[in-house]
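Chemist: Pasting a structure below so you can have a look.
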Amino acid sequence: MENQEQTSPVAANQADPENLKLRIHHAPRNERYEMGKQLRKTCPRSSHETWKAPVNRQDPLDLLLTSEEGRIPDLLPLRHGRMARSPFTFYRGAAFNMAADLANTPVSGMFVQACGDAHLCNFGGFATPERNIIFSINDLDETLPAPWEWDVKRLAASFVVASRNNNLSESVAREAVLECVRSYRMNMAAYSEMKILELWHISLTADMMISKLKDPKMIARGLKRVEKERGRSIAEDIFPQIGKGPGKSTFIKDNLPSIFHVEGHTPGDIADAVREAFELYKQTLPPVYSFFLERYELKDAAIKVVGVGSVGTACWVLLLMTNDGDTLFLQVKEARPSVFEPFAGKSTYPNHGQRVVNGYRLIQPFSDPFLGWTKSRMGLHYFFRQLRDIKISMKVETFGKVEMTAYADWCGQAMALSHARSGDAAMLSGYMGTSDTFDKAIAGFSAAYADQNEKDYASLRRAIKIGKIEARFEEQERRK
């Protein structure tokens with residue numbers, strides 16, 4: 001039986017920016033495995049099971065409002081409306097709230113390049129430059145070197161929240177978490193046995209992940225979906241839609257409240273500041289991709305409201321075209337300080353867009369070749385990536401028991417690969433071991449934190465009801 005004594009939170013010992021490098025030891029694998037195992041003495045695996053809100057826990061609404069400072073004020077009611085749909089959407093938008101809570105939980109002392117917002121909707125499929133489809137974490141706005149447990153706990157708890165959202169039983173929710181953490185633990189052990197270059201080049205292909213499914217009908221549906229995505233033209237079912245103006249002019253069509261042009265600028269009218277930021281972005285690309293973009297002309301720029309957590313940040317979509325009509329959309333997202341920074345230390349990069357881009361390159365086996373960063377005249381940081389090029393998102397709101405547990409396996413394996421690339425797989429494997437002690441501890445935490453999430457969600461709903469927080473509900477607007 002392990003000692004139940006908890007370690008001090010990482011907040012009490014701010015992370016050294018070099019911590020990530022210091023965790024990559026040159027010792028043999030068996031010695032590093034033993035180093036990880038020894039960490040159980042100061043941070044028992046079972047200590048991760050408990051979640052109890054501290055007495056001095058900050059009000060969740062105050063944290064939410066703090067995280068919104070500096071965002072576009074007119075979009076905040078839309079953000080609140082999206083978060084207020086359900087405990088699940090609240091969880092997706094409350095990454096800063098959970099980061100503050102995770103800072104008061106036990107940590108073993110090992111750091112990785114963390115995702116920072118590792119819930120199950122931030123995983124998916126996308127195309128490599130060779131046109132293969134792989135599965136990985138695909139949203140890294142909050143990435144930062146941080147304790148590996150924080151990613152694991154946010155991902156695991158998201159399966160409980162999502163299962164409850166789908167009216168699945170508590171036993172199914174627990175099974176999904178156990179499957180996720182088991183997959184993470186066992187795949188981490190496998191990755192720790194690989195040679196460095198072998199680990200660096202491995203990727204989780206769509207065919208590989210689908211083949212793990214046990215239901216032949218699910219396998220057939222999965223393969224059919226992949227083939228459909230592979231064969232689809234970028235121009236098909238394109239979003240946003242393109243409009244035609246006088247002569248050969250083209251522009252992005254407004255689609256309120258998600259896509260619209262900045263006040264004072266008509267479609268196709270691109271501000272000098274946007275063009276300037278775009279030119280600075282191209283300088284951060286490898287020369288070959290900067291050269292490639294010279295074949296395109298910037299035609300339009302519009303605001304694009306995305307997701308839940310990003311609502312209110314300055315996010316854009318750029319339309320680029322060739323004289324022959326070839327179309328390329330780039331997504332431009334404002335890069336703010338990571339939600340982990342107050343608790344794990346500041347980024348070493350001068351531009352938060354650069355922080356995000358380097359996080360992508362560390363975490364994903366293959367990254368978007370158009371990843372780059374820039375800075376606006378107003379001092380805002382941004383990162384660029386391609387908006388659409390075979391990106392497969394999972395409709396987790398439709399998952400039943402079989403789909404939820406299978407997807408938990410996928411996410412656990414994908415996170416293990418990401419953490420193994422930037423952390424020390426042997427030490428991580430040594431700490432978790434071969435038993436399910438760690439798995440069960442995370443399952444206990446996940447259920448308790450899902451309860452906490454529901455309480456915080458209820459606080460938001462009450463604040464909206466009494467007019468303390470303004471919310472805008474798109475569903476009501478569509479019914480009018």
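The values are calculated or read from the model by the stated rules, or taken from the named source; none is laboratory data. Given the structure is predicted, the values throughout are model-derived calculations rather than measurements. As a convention, Cβ positions derive from the backbone with ideal geometry for all residues, glycine included, and neighbour counts pool all protein chains shown. Just so you know, the surface numbers come from the protein's heavy atoms only, side chains and all, with ligands and any DNA or RNA stripped out. Shrake-Rupley method; radii C 1.70, N 1.55, O 1.52, S 1.80 Å.
Chemist: What are the pairs with Cβ atoms under 7 angstrom where one residue, in segment 205-216, is closer than 9 Å to F135 by Cβ and the other, located anywhere, is open to solvent by 70 Å² or more (accessible area, probe 1.4 Å)? Sequence gap at least six, or different chains.
Modeler: Filtered contacts from segment 205-216: T205/N132.
Chemist: Exactly one condition in (1) among the β-branched types (V, I, T); (2) open to solvent by 10 Å² or more (accessible area, probe 1.4 Å); (3) over 19 Å from G400 (Cβ atoms) is not met by V172; state its number.
Modeler: (3)
Chemist: Quick one: is R71 basic (K, R) and crowded, with 24+ Cβ neighbours inside 10 Å?
Modeler: Values: basic (K, R): yes; crowded, with 24+ Cβ neighbours inside 10 Å: no.
So R71 does not fit the description; no.
Chemist: As an exercise: evaluate L298 against (1) within 23 Å of the chain's Cα centre (by Cα); (2) open to solvent by 10 Å² or more (accessible area, probe 1.4 Å); (3) closer than 30 Å to D74 by Cβ; (4) modelled with pLDDT of 90 or more and give the number of the one condition it does not meet.
Modeler: Among (1) within 23 Å of the chain's Cα centre (by Cα); (2) open to solvent by 10 Å² or more (accessible area, probe 1.4 Å); (3) closer than 30 Å to D74 by Cβ; (4) modelled with pLDDT of 90 or more, L298 violates only (1).
Chemist: Separate question: If you scan segment 293-351, which residues turn out to be assigned to a strand (DSSP E or B) and among the small types (G, A, S)?
Modeler: Pass one, segment 293-351, residues assigned to a strand (DSSP E or B): 297-304, 311, 313, 315-321, 327-334.
Across segment 293-351, the qualifying residues are A301, A302.
Chemist: To continue, here is another question. In segment 128-169, which residue that is farther than 18 Å from M110 by Cα and among the small types (G, A, S) is surrounded by the fewest Cβ atoms within 10 Å (Cβ to Cβ)?
Modeler: Among those residues, the one meeting the criterion is S169.
Chemist: Turning to a different aspect of this structure: Hey, could you check segment 270-295 for residues that are small (G, A, S) and farther than 18 Å from P369 by Cα and say which is modelled with the lowest pLDDT? Steps first, answer last, please.
Modeler: To start, the set of residues in segment 270-295 that are small (G, A, S) comprises 271, 273, 277, 290.
Next cut, farther than 18 Å from P369 by Cα only: 271, 273, 277.
Values: A271: 84, A273: 87, A277: 92.
If we take residues in segment 270-295 being small (G, A, S) and farther than 18 Å from P369 by Cα, then A271 is modelled with the lowest pLDDT.
Chemist: Only one of T327, T348, T374, T313 is open to solvent by 50 Å² or more (accessible area, probe 1.4 Å), in contact (Cβ under 8 Å) with a residue 40 or more places away in the chain and among the hydroxyl-bearing types (S, T, Y). Can you tell me which?
Modeler: Values: T327 fails: open to solvent by 50 Å² or more (accessible area, probe 1.4 Å); T374 fails: open to solvent by 50 Å² or more (accessible area, probe 1.4 Å); T313 fails: open to solvent by 50 Å² or more (accessible area, probe 1.4 Å).
Step by step, each of T327, T348, T374, T313 is checked, and only T348 is open to solvent by 50 Å² or more (accessible area, probe 1.4 Å), in contact (Cβ under 8 Å) with a residue 40 or more places away in the chain and among the hydroxyl-bearing types (S, T, Y).
Chemist: Scan (1) over 15 Å from the mean Cα position of the chain (by Cα); (2) part of a loop (DSSP other than H, G, I, E, B); (3) of a type in the set (G, A, S) for the single condition S163 breaks and write down its number.
Modeler: Unmet condition: (2).
Chemist: I'd like to know if segment 113-121 contains one or more residues that are assigned to a loop (DSSP other than H, G, I, E, B), charged (D, E, K, R) and modelled with pLDDT under 95.
Modeler: So the first thing to find is which residues in segment 113-121 are assigned to a loop (DSSP other than H, G, I, E, B), and the list is 115-119.
Filter once more, so that each one left must be charged (D, E, K, R): 117.
Next, from what is left, pick out any that are modelled with pLDDT under 95: none.
Scanning segment 113-121 turns up no residue that is assigned to a loop (DSSP other than H, G, I, E, B), charged (D, E, K, R) and modelled with pLDDT under 95.
Chemist: Which one is nearest to W410 (Cα to Cα), of the residues in segment 109-121 that are open to solvent by less than 10 Å² (accessible area, probe 1.4 Å) and of a type in the set (G, A, S)?
Modeler: Top of the filtered list is A118.
Chemist: Kindly indicate whether any position in segment 460-468 is touching a residue at least 12 places away in the same chain (Cβ under 8 Å), open to solvent by 10 Å² or more (accessible area, probe 1.4 Å), of a type in the set (D, E, K, R) and part of a helix (DSSP H, G or I).
Modeler: Checked against the condition, which is being touching a residue at least 12 places away in the same chain (Cβ under 8 Å), open to solvent by 10 Å² or more (accessible area, probe 1.4 Å), of a type in the set (D, E, K, R) and part of a helix (DSSP H, G or I), segment 460-468 yields at least one hit.
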